[in-house]
1. Which of the residues belonging to segment 215-251 are more than 15 Å from residue 36 (Cβ to Cβ) and more than 15 Å from the ligand (Cβ to nearest atom)?
2. How do the strands (runs of 3 or more DSSP E) wholly within segment 32-128 filter down when requiring 2 or more residues that are near the ligand (Cβ under 9 Å from one of its atoms): which remain?
3. Looking only at segment 227-240, count every residue that is crowded, with 20+ Cβ neighbours inside 10 Å and in contact with a helix residue (DSSP H, G or I) (Cβ under 8 Å, 6 or more places away or on another chain) and tell me the total.
4. Residue 204: within 11 Å of the ligand (Cβ to nearest atom) and within 30 Å of residue 157 (Cα to Cα), yes or no?
5. Is it the case that segment 252-264 has a residue that's within 10 Å of the ligand (Cβ to nearest atom), touching a helix residue (DSSP H, G or I) at 6+ places or on another chain (Cβ under 9 Å) and assigned to a strand (DSSP E or B)?
6. Criterion first (modelled with pLDDT under 95, in contact with a strand residue (DSSP E or B) (Cβ under 6 Å, 6 or more places away or on another chain) and more than 19 Å from residue 188 (Cα to Cα)) does residue 103 satisfy it?
7. For segment 43-69, give me the residue count where each residue is surrounded by fewer than 24 Cβ atoms within 10 Å (Cβ to Cβ) and within 14 Å of residue 109 (Cα to Cα).
Ligand SMILES: NC(=O)c1ccc[n+]([C@@H]2O[C@H](COP(=O)([O-])OP(=O)(O)OC[C@H]3O[C@@H](n4cnc5c(N)ncnc54)[C@H](OP(=O)(O)O)[C@@H]3O)[C@@H](O)[C@H]2O)c1
């Protein structure tokens, strides 16, 4: 796989299996080489979507996700793009236009945490990196999706799901308030954009996962964070990427046709 070019494993188009819709469903899932994003890709592939796997640097993980999709016969491409970079985002969407065709779904999933610390220790470089990766990226991807999906721009509608976090409610004191604040911004983006495009054929919704078993916690410096916090979670355990992916799939689907500006909390009751 070349970083500059997408890999395209198969070219089998999948239409809605029930035959109720004629549009081929095509989704971009940002940050889908690992964790929750990879689980979303797998579920959407199983559901007949064409999918674009996006990753920042872990090419081998992206190749593995694409290989899994190949087994399902799903039409899949993987594109390296740093979604905090505007030129990369534009290239990502243009490549999907060319390789997969009309975009019908976007999942803004890519995000980072940085090593746990208190606000008094954060410098501007850290804060700006956090906001560029977790917030600017989602604005840019929403912009590109709206330009393609909105009736106002000649599009045929679509669905966007943003991945926020329970941290937006909890605040992540002593761990990463910068991350929690970035997710607060995602909640506001969800509500505002949902209202902005409600009569243009686009639904915008959000999931707020809590404590999910992924690699992300190692990036914060505490790989076993979810296990440490398990006793504070009413359901008594961390969640799985698949438990979050199921909610995202539902929000994207026609089954959620009356939901926009909505939030699903997936935090085991916390
Ligand atoms: N895990 C949790 O407990 C939890 C809880 C609440 C919310 N969430 C949210 O759920 C989402 C997914 O989290 P996760 O735990 O699955 O994360 P993860 O396992 O750390 O995976 C992060 C993914 O994002 C990609 N990525 C990171 N920065 C990127 C960038 N600048 N451009 C493009 N891709 C980028 C990574 O690509 P590479 O593989 O190339 O590095 C990877 O595919 C995030 O929005 C996160 O905030 C997670």
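1. Correct list: 231, 234, 236.
2. Output list reads 50-55.
3. 1
4. no
5. Looking through segment 252-264, none of the residues is within 10 Å of the ligand (Cβ to nearest atom), touching a helix residue (DSSP H, G or I) at 6+ places or on another chain (Cβ under 9 Å) and assigned to a strand (DSSP E or B).
6. No, not satisfied.
7. 1
The values are calculated or read from the model by the stated rules, or taken from the named source; none is laboratory data. Predicted, not measured: the structure shown is a model, and the values here were computed from it. Don't worry about glycine lacking a Cβ; one is built from the backbone with ideal geometry, like all the others, and counts go over all protein chains shown.
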